[in-house]
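Enquirer: Below you'll find the structure I mean.
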Amino acid sequence: MFKSGFVTIIGRPNVGKSTLLNAILGEKISIVSAKPQTTRNSIRGVYSAKDCQIIFIDTPGIHAGRGAPSATFHHKPSMPHKCMRRKVALGEFMASESASALSDVDAVVYMCDAGAKSMDADRPIIDVLKTLKRPVVLAMNKVDAMDKPALLPLIAGYAKVFPFHEIIPISALKRDGVDLIIAAVKKFLPDGPRYFPEDAVTDQPERFIVAEIIREKIFHFTKDEVPYSTAVVVDGFKEKKGKGVVVIDATISVEKGSQKGILIGKDGAMLKRIGIAARLDIEGLLGVKVFLTLFVRVQKDWTKNPADLKEFGY
Ligand SMILES: Nc1nc2c(ncn2[C@@H]2O[C@H](COP(=O)(O)OP(=O)(O)OP(=O)(O)O)[C@@H](O)[C@H]2O)c(=O)[nH]1
Ligand SMILES: [Mg+2]
């Protein structure tokens, strides 16, 4: 019988969830950066094999407890409109994306960073997993960057707080143990149809991935609050028929004039750097030559404004 189903990858920011999704698919559809809170939307990737199809859902990292950017994991988006205006913010959108990606899934991959100093920040998320009643596999990531003897006590520690179906040490970066994760969640798939064509990798629109690639370069090249104050929208995406060329226009919105200055840089140097790096990746993705033009504009305090969030896809 053919098996198919949905598996959500969840965990604290920066543990390597998007890296794992890309490693599972063998293709990069989800952006990655060394900074926490890179992923903002839940992103579906399709893994197809002869006997099964698994839709893996990458999610924004979950902040639980104090110091969270304004969001808690338990945010319920069904509050009255007036209250929404005051309270909805980008961080809350991200938390609600993660929370809703957990409903109706066949299994969950909970990811932690094996090198993290303590598992205290995992506990509130594990408490949520307890209420879910779904099979959970623990992916203990970044084992390439730690001393192996530290692994056994860590595994014992996690096993004590939750009945994980399996605990699998992996390196998403080096693709070590990734097949074990796939095999582990495969056990929980029900009989089901092939939801997507066998050669599909994602159902995210090309425009979305292009905007994300640009956002990734901003995360790479800028620092402090700048990447967190940035949204990217692709305004134009035109294929020149028969020429193997795609012309793309995109607008980068920031919250303040000073951030606009940083993004453009001296004589436009920063924007040029972002544009070149993004263009190369987009050309790799689309397999054609790309002309990319970037615009920068200020949309004051957009991360706090529900109408702006909506316009930017959040
Ligand atoms: N050493 C090591 N680094 C890794 C591994 N997996 C991911 N990383 C790095 O960890 C950082 C975060 O990776 P992401 O995949 O963006 O993490 P994420 O969990 O999706 O982060 P958010 O979207 O911000 O929640 C990047 O610098 C990755 O290169 C791994 O197995 N080993
Ligand atoms: Mg991510």
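Enquirer: If the cut-off is 16 Å between C-alpha atoms, which lysines fall inside it for residue 304, apart from same-chain ones fewer than 8 positions away?
Expert: Hits, sequence-local ones excluded: 82, 87, 256.
Enquirer: How would 129, 280 rank on accessible area, largest to smallest, probe 1.4 Å? Kindly include the intermediate steps, with their values, before the conclusion.
Expert: Details: 129 5, 280 100 Å².
Largest accessible area first, the residues go 280, 129.
Enquirer: Further, regarding this structure: For an R0 of 30 angstrom, estimate the FRET efficiency from the Cβ-Cβ distance between residue 200 and residue 266 and round to the nearest 0.05.
Expert: Values: r = 43 Å, r/R0 = 1.44.
With a Förster radius of 30 Å, E is 0.10.
Enquirer: Measure up 35/148; 186/217; 223/266; 117/174 against 27 Å on the Cα-Cα distance and list the ones that go over. Don't skip to the answer; put the middle values down first.
Expert: Working: 35/148 25 Å; 186/217 34 Å; 223/266 16 Å; 117/174 22 Å.
Exceeds cut-off: 186/217.
Enquirer: Can you sort 234, 247 by solvent-accessible area, 1.4 Å probe, largest first?
Expert: Values: 234 15, 247 45 Å².
Sorted descending by solvent-accessible area, the residues read 247, 234.
Enquirer: Putting +1 on Lys and Arg Cβ atoms and -1 on Asp and Glu Cβ atoms, find which of 248, 218, 181 reaches farthest to the positive end of the dipole of segment 107-257.
Expert: Final value for the positive-end residue is 181.
Enquirer: Now a separate question. Compactness ratio of the chain: Cα Rg over 2.2 N^0.38 Å, N = residue count? It would help to have the intermediate numbers written out before the result.
Expert: Working: Rg = 20.1 Å, N = 314, 2.2 N^0.38 = 19.6 Å.
Compactness ratio reported: 1.03.
Enquirer: Mind telling me which of 287, 115, 177 comes out most flexible in a GNM of the chain, alpha-carbon contacts under 10 Å?
Expert: Among 287, 115, 177, the largest GNM mean-square fluctuation belongs to 287.
Enquirer: Could you check how much of the accessible area of the chain is carbon and sulfur, as a whole percent, using a 1.4 Å probe? Each step should come with its number before you reach the end.
Expert: Values: 8470 of 15300 Å².
Roughly 55 percent of what the probe reaches on the chain is carbon or sulfur.
Enquirer: So between residue 276 and residue 297, what do we pick up on full extension, going 0.36 nm a residue minus the alpha carbon distance?
Expert: Numbers: separation 21, 0.36 × 21 = 7.56 nm, distance 1.92 nm.
Length gained between residue 276 and residue 297: 5.6 nm.
Enquirer: Specify whether the C-alpha gyration tensor of segment 135-241 places it in the rounded, prolate or oblate class, a ≥ b ≥ c being the square roots of the eigenvalues: rounded for a/c under 1.5, otherwise prolate if a/b is larger than b/c and oblate if not. Walk me through the intermediate numbers first.
Expert: Numbers: a/c = 2.79, a/b = 1.45, b/c = 1.92.
Cα axes put segment 135-241 in the oblate bin.
Enquirer: Cα centroids of segment 104-141 and segment 1-39: how far apart, whole angstrom?
Expert: Here the two parts' Cα centres lie 14 Å apart.
Enquirer: Under unit Cβ charges (Lys, Arg +1; Asp, Glu -1), what dipole magnitude, rounded to 20 debye, does segment 190-235 have relative to its Cα centre?
Expert: Numbers: 5 positive and 10 negative charges, 40 e Å.
So the magnitude is around 180 debye.
Enquirer: Here is a further query. Using the Kyte-Doolittle scale, which helices in the chain average at least -0.5 and also have C-alpha atoms spread 18 Å or more along the helix axis, with helices defined as whole DSSP H runs?
Expert: Details: long enough: 206-221 (23 Å, 0.36); 269-286 (25 Å, 0.85).
Span-like helices, by this rule, are 206-221, 269-286.
Enquirer: Still on this model: Among DSSP bridges having both ends in segment 3-186, what percentage is antiparallel? Round to the nearest 5. If you can, show how the numbers build up before the last one.
Expert: Values: 7 of 29 bridges.
Of the beta bridges lying entirely in segment 3-186, close to 25 percent run antiparallel.
Enquirer: Quick one: among 135, 193, 169, which has the greatest mean-square fluctuation in a GNM of the chain with alpha-carbon springs under 10 angstrom?
Expert: Checking each option, the largest mean-square fluctuation is seen for 193.
Enquirer: Mind telling me which of 137, 161, 226 comes out most flexible in a GNM of the chain, alpha-carbon contacts under 10 Å?
Expert: Per the Cα network of the chain with a 10 Å cutoff, 161 tops the list.
Enquirer: OK, next. State the Cα centre-to-centre distance between segment 229-246 and segment 160-220 in whole Å.
Expert: Comparing the Cα centres of segment 229-246 and segment 160-220, I get a distance of 27 Å.
Enquirer: Run the dipole for segment 3-186 about the Cα centre, Lys and Arg Cβ at +1, Asp and Glu Cβ at -1, nothing else charged, and hand back the magnitude in debye, nearest 20.
Expert: Values: 25 positive and 16 negative charges, 129 e Å.
It works out to roughly 620 debye.
Enquirer: Could you give the length gained on full extension between residue 247 and residue 166, defined as 0.36 nm per residue of separation minus the Cα-Cα distance, in nm? Before the final figure, lay out each step's value.
Expert: Values: separation 81, 0.36 × 81 = 29.16 nm, distance 4.68 nm.
24.5 nm is the gain from fully extending residue 247 to residue 166.
Enquirer: If you project the alpha carbons of segment 206-311 onto the principal axes, what extent comes out on each, in Å, largest first?
Expert: 42, 31, 18
Enquirer: Mind ranking 58, 127 by accessible surface for me, highest first, 1.4 Å probe?
Expert: Details: 58 0, 127 85 Å².
Greatest to least solvent exposure: 127, 58.
Enquirer: If ligands, DNA and RNA are left out, what is the accessible area of residue 243 with a 1.4 Å probe, given in Å² to the nearest 10?
Expert: 140 Å²
Enquirer: If you take every DSSP beta bridge whose two residues both sit in the chain, what share of them, in percent to the nearest 5, is antiparallel? Let's see the in-between values first.
Expert: Numbers: 18 of 50 bridges.
In the chain, approximately 35 percent of DSSP beta bridges are antiparallel ones.
The values are calculated or read from the model by the stated rules, or taken from the named source; none is laboratory data. This one's a predicted model, so the numbers in the text were calculated from it and none came from an experiment. Heads up, the Cβs are rebuilt from the backbone with ideal geometry, glycines too, and the neighbour counts pull from every protein chain shown. When the accessible area is computed, the model is the full protein with side chains, heavy atoms only, and any ligands, DNA or RNA have been set aside. Shrake-Rupley method; radii C 1.70, N 1.55, O 1.52, S 1.80 Å.
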